[in-house]
Amino acid sequence: MSVMNDHAVSPGLWALAWRRLRADRIAMAALAVVGLFLLMLVLSATGLIAADWEDEVAVNYAPPTFVGANPALAALAQPQRPTPPNAFDPLAEELAALKREVQATHPPVAKAVTLPFGADKWGHDILKKTVKGGETSIVVGLVAAFVAVALGTLFGAISGFYGGFVDDFFNWFYSIFTSIPSILMILTVAAVLQQKGVTTIVLILGLTGWTGPYRLIRAEYIKHKAREYVMAADAIGASSWRKMFSHIFPNVSHVALVQVSILVVGFIKAEVILSFLGFGVPVGTVSWGSMLNEAQNELILGKWWQLAAAAGAMALLVTAFSLFTDALRDALDPKLK
């Protein structure tokens with residue numbers, strides 16, 4: 001009988017959620033896409049891919065090509081004819097010799113370059129630039145989401161568990177943040193900090209994005225603090241912080257996880273907006289937002305490929321993350337089925 005009882009243990013919340021996710025083909029496809037982007041992030045951060053994205057591998061605004069060398073680079077690959085002497089310009093021969101020396105020390109880049117998304121105005125490979133920009137945008141989205149959910153969980157746990165004056169104070173603080181439109185709040189914090197950088201963007205988004213998780217976590221703590229297992233913990237002398245984070249939080253952690261996945265999508269788009277408006281990453285750091293900022297001037301010249309690469313990569317990741325977030329929320333809450 002004991003052996004049968006050991007095998008009759010019912011699966012937990014996370015095992016049931018994973019079982020529901022595996023049954024959803026769209027969710028698994030979205031998870032695979034998100035996993036590929038995260039793998040790209042790791043490989044880019046370690047320098048295994050896109051480490052040479054700043055190398056000038058093409059002429060300015062080289063168009064996309066998918067097979068063979070880029071035709072816009074053919075002139076670079078051809079041997080240059082010697083410049084005839086110019087009697088009216090005594091420096092012409094010296095300049096021609098200097099040009100031949102530079103070409104000899106810097107081999108033509110068109111011999112083995114295929115650019116699926118073309119090149120930008122500096123001759124950088126846009127595909128590698130998109131990969132490197134994705135590293136910045138995804139890191140900002142992930143870290144800022146964890147900061148926002150950590151703050152929202154902490155504030156919501158304290159407010160919902162203690163109630164009374166503490167709850168009134170956090171609700172007043174929450175009302176101040178939610179009474180101001182989010183984009184204005186983000187731009188206000190960005191103007192106050194006045195220093196561009198990835199850390200600054202993470203702080204901007206994390207310090208302004210905690211309100212959503214706070215509202216949900218507070219409601220969960222109000223509901224759970226009166227349940228029997230919390231009363232039993234109180235009876236054995238558990239401290240308030242132990243009851244909040246050792247007993248209640250494991251039962252509401254799925255809410256925090258869903259909030260992280262939701263905010264990642266929103267913060268990636270927010271980073272793009274900030275970089276597009278000039279409040280984002282500094283010069284020398286590339287992100288999808290800075291690429292879109294550059295692309296607005298290139299469109300006037302008919303150069304569309306940088307816009308297509310950055311917007312397409314962002315749209316693919318955001319769509320996949322959104323689909324996975326919806327499926328994860330449904331899997332963790334069977335009542336939504």
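Of the residues Phe161, Phe170, Phe165, Phe177, only one is aromatic (Phe, Trp, Tyr) and under 24 Å from Leu277 (Cβ atoms); which?
Working: Phe161 fails: under 24 Å from Leu277 (Cβ atoms); Phe170 fails: under 24 Å from Leu277 (Cβ atoms); Phe165 fails: under 24 Å from Leu277 (Cβ atoms).
Sole residue among the options that is aromatic (Phe, Trp, Tyr) and under 24 Å from Leu277 (Cβ atoms): Phe177.
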Self-check item: Subset of the range 263-301 (residues that are closer than 19 Å to Ala119 by Cβ, touching a helix residue (DSSP H, G or I) at 6+ places or on another chain (Cβ under 9 Å) and part of a helix (DSSP H, G or I))
Solution: Trp288, Ser290, Met291, Leu292, Asn293, Glu294, Ala295, Gln296, Glu298, Leu299
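Pick out the one residue from Phe177, Phe173, Phe161 that is more than 20 Å from Gly280 (Cβ to Cβ), touching a helix residue (DSSP H, G or I) at 6+ places or on another chain (Cβ under 9 Å), modelled with pLDDT under 90 and assigned by TED's automatic domain parsing to the domain that holds Lys225. If you could, list the steps in order and put the result at the bottom.
On the way: Phe173 fails: modelled with pLDDT under 90; Phe161 fails: modelled with pLDDT under 90.
Among Phe177, Phe173, Phe161, only Phe177 is more than 20 Å from Gly280 (Cβ to Cβ), touching a helix residue (DSSP H, G or I) at 6+ places or on another chain (Cβ under 9 Å), modelled with pLDDT under 90 and assigned by TED's automatic domain parsing to the domain that holds Lys225.
Collect the residues in the range 275-308 that are among the hydroxyl-bearing types (Ser, Thr, Tyr) and either over 25 Å from Pro63 (Cβ atoms) or modelled with pLDDT under 80 (or both), keeping them in residue-number order. Spell out how you get there, then give the answer.
Residues of the range 275-308 among the hydroxyl-bearing types (Ser, Thr, Tyr): 275, 285, 287, 290.
Correct list: Ser275, Thr285.
Take the residues in the range 193-214 that are farther than 18 Å from Ser137 by Cα and either surrounded by fewer than 24 Cβ atoms within 10 Å (Cβ to Cβ) or not assigned by TED's automatic domain parsing to the domain that holds Leu142 (or both); name whichever of them is modelled with the lowest pLDDT.
Our first condition is that a residue be farther than 18 Å from Ser137 by Cα; within the range 193-214, this holds for 193-194, 210-214.
Retained after the next criterion (residues that are either surrounded by fewer than 24 Cβ atoms within 10 Å (Cβ to Cβ) or not assigned by TED's automatic domain parsing to the domain that holds Leu142 (or both)): 193-194, 211-212.
Numbers: Leu193: 73, Gln194: 69, Thr211: 92, Gly212: 91.
The residue in question is Gln194.
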Quiz item: In this structure, does Ser246 turn out to be out of contact with any Phe, Trp or Tyr (no Cβ under 8 Å at 6 or more places or on another chain) and in the same structural domain as Ala150 (by TED's automatic domain parsing)?
Solution: yes
Self-check item: Filter result (without any contact (Cβ under 8 Å) to a residue 40 or more places away in the chain, surrounded by 15 or more Cβ atoms within 10 Å (Cβ to Cβ) and part of a helix (DSSP H, G or I)) within the range 236-254
Solution: His247, Asn251, Val252, Ser253
Quiz prompt | Output for the range 121-178, where each listed residue is within 11 Å of Tyr214 (Cβ to Cβ) and β-branched (Val, Ile, Thr) | solution = Val149, Thr153, Ile158, Thr178
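When you scan the range 174-190, how many residues do you find that are without any contact (Cβ under 8 Å) to a residue 12 or more places away in the chain and part of a helix (DSSP H, G or I)? Please lay out each step first, then the result.
Step one: filter the range 174-190 for residues without any contact (Cβ under 8 Å) to a residue 12 or more places away in the chain, giving 175-176, 179-181, 184, 188.
Now narrow it down to the ones that are part of a helix (DSSP H, G or I): 175-176, 179, 184, 188.
Qualifying residue count for the region: 5.
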Practice problem: Evaluate the following for Gln306: is it assigned to a helix (DSSP H, G or I), touching a Phe, Trp or Tyr at 6+ places or on another chain (Cβ under 9 Å), free of Cβ contacts under 8 Å to residues at least 60 places away in the same chain and assigned by TED's automatic domain parsing to the domain that holds Ile126? | Solution: no
Quiz item: Right, Ala320: touching a Ser or Thr at 6+ places or on another chain (Cβ under 6 Å) and assigned to a helix (DSSP H, G or I) or not?
Solution: no
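Restricting attention to the range 1-48, and to residues there that are of a type in the set (Val, Ile, Thr) and modelled with pLDDT of 90 or more, which single residue is surrounded by the fewest Cβ atoms within 10 Å (Cβ to Cβ)? Working first, answer last.
To start, the set of residues in the range 1-48 that are of a type in the set (Val, Ile, Thr) comprises 3, 9, 26, 33-34, 42, 46.
Next, only the ones that are modelled with pLDDT of 90 or more stay: 26, 33-34, 42, 46.
On the way: Ile26: 12, Val33: 17, Val34: 20, Val42: 11, Thr46: 9.
Selected residue: Thr46.
The values are calculated or read from the model by the stated rules, or taken from the named source; none is laboratory data. Here the structure is a predicted model, which is why all the values come from computation and not from measurement. Neighbour counts are summed over all protein chains in view; Cβ atoms, including those assigned to glycine, are modelled from backbone coordinates with ideal geometry.
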